[in-house]
Structures are given as C-alpha cells and as structure tokens.
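As structure tokens, the structure follows; a few thoughts come after it.
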Amino acid sequence: MNITFGGNKVALAGEEIKVGVKAPEFKAVKTDLSEFDSKVNEGKVIIYSIAPSIDTPVCSLQTRTFNEDAAELSKDIEIITITVDLPFAQGRFCANEGIENTLTISDYNGHDFGKKYGFLMTENKLLARGIVIVGKDGNVEYVEYVPEVTDEVNFAKALEEAKKLV
C-alpha cells in the first residue's frame, strides 16, 4: 500500500488491517487520562476515525463532522476518534469545539492501536488518516486508508457502511 504525507511516501508499522479479520483488542488513553480498552465496546458497531493530529484543519474537520453525524445515528453505533495528541490537547479541543457525541482517545503511549491496525507512520510516529469499522460481532467490516494523509476520509461511505451493520 502506498501512503504519502505531504507528498512524501511513508511506511506504516504493523500489518495492514483487512476486512473480515477479528478486530485486535487495544488500549489507549482517554482525555481524562483513564485507560480506554477496546473490549468495552463489544456488541456495538464501532467507527474508528483515525487522524494524525486533532490540531490540524483536516483532522479537526474530520472530528467535528463525525461528532455532528453521531447525533443522527443509532445508539448501536459508536464513533471513536484516535490520534496521538496528548489527552490534554484532545480534551481542550473537544471542550472548545463542543465534541460531545463521540469519544476521543490518544494512542500516544505505546501506539498500541497504530501498530495493531497498521496505521502508525514510522517516520513521524503519527497515525495515518483512515477509517476502520468493526461490526457487532467484533470483525472488521470496512477499512479506508487515505492514500494522501492530508486528504479527507470518505465520510459518506463510512456512515453508509456503518448503518448497514445495525
């Protein structure tokens, strides 16, 4: 897979996540510094919205857009934004932007998600941009790796795929 960041090719740590595999369990950090364990969402459809840094225009747009969309979705769908920003920065961003319909977590401490899902850029230790949707059965149902990290995800396609799983 060819991923670029600002036009420069980057390598991703871990194996590319594929549709049909069991979603790897991972741990991350919530904005209040408590541990996030992916097991807590078993039985729900999960949209993982993956971005490099919440402090950039495209990443903040991605987070705000999914937050707005979440208000219209079934309660069986959970949207989780994952970046490597420090939890303090994520918390400040979410408070300032009114992000309250989605969960924002940080993969800064160990990059557990980035390595297990194949999104960690080895050159800069940021996450590549993309979407992973996990079905109620815990299997990966949809994956989007955005070829150029500074481009947007396909919001409409991700939401369409998630709605099919409810």
Do we find a residue being farther than 26 Å from Asp76 by Cβ, buried (at least 19 other Cβ atoms within 10 Å of the Cβ), in contact with a strand residue (DSSP E or B) (Cβ under 8 Å, 6 or more places away or on another chain) and at pLDDT 95 or above anywhere in segment 148-162?
yes
Identify all residues within segment 114-125 that are under 15 Å from the mean Cα position of the chain (by Cα) and either at pLDDT below 95 or within 15 Å of Thr4 (Cβ to Cβ) (or both); write none if there are none.
Phe119, Met121
How many residues are β-branched (Val, Ile, Thr) and without any contact (Cβ under 8 Å) to a residue 60 or more places away in the chain if we restrict to segment 88-140?
2
So for segment 125-137 (the condition being outside any loop (DSSP other than H, G, I, E, B) and surrounded by fewer than 20 Cβ atoms within 10 Å (Cβ to Cβ)), does at least one residue qualify?
no
Filter segment 42-55 for residues that are modelled with pLDDT of 90 or more and not small (Gly, Ala, Ser); which is farthest from Leu12 (Cα to Cα)?
Lys44
Whichever residue in segment 25-41 is crowded, with 17+ Cβ neighbours inside 10 Å and at pLDDT 95 or above and, among such residues, is farthest from Thr102 (Cα to Cα)
Phe26
Unique match (being assigned to a loop (DSSP other than H, G, I, E, B) and buried (at least 21 other Cβ atoms within 10 Å of the Cβ)) among Ile54, Ile82
Ile54
Selection from segment 126-154 of residues more than 12 Å from the chain's Cα centre (by Cα), farther than 16 Å from Thr56 by Cα and not hydrophobic (A, V, I, L, M, F, W, C) yields Gly135, Lys136, Asp137, Gly138, Asn139, Glu141, Tyr142, Pro147, Asn154
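The values are calculated or read from the model by the stated rules, or taken from the named source; none is laboratory data. Note that the structure is predicted; figures quoted are calculated from it, not measured. When we count neighbours, we look across all protein chains shown, and the Cβ atoms used for this are built from the backbone with ideal geometry, even at glycine.
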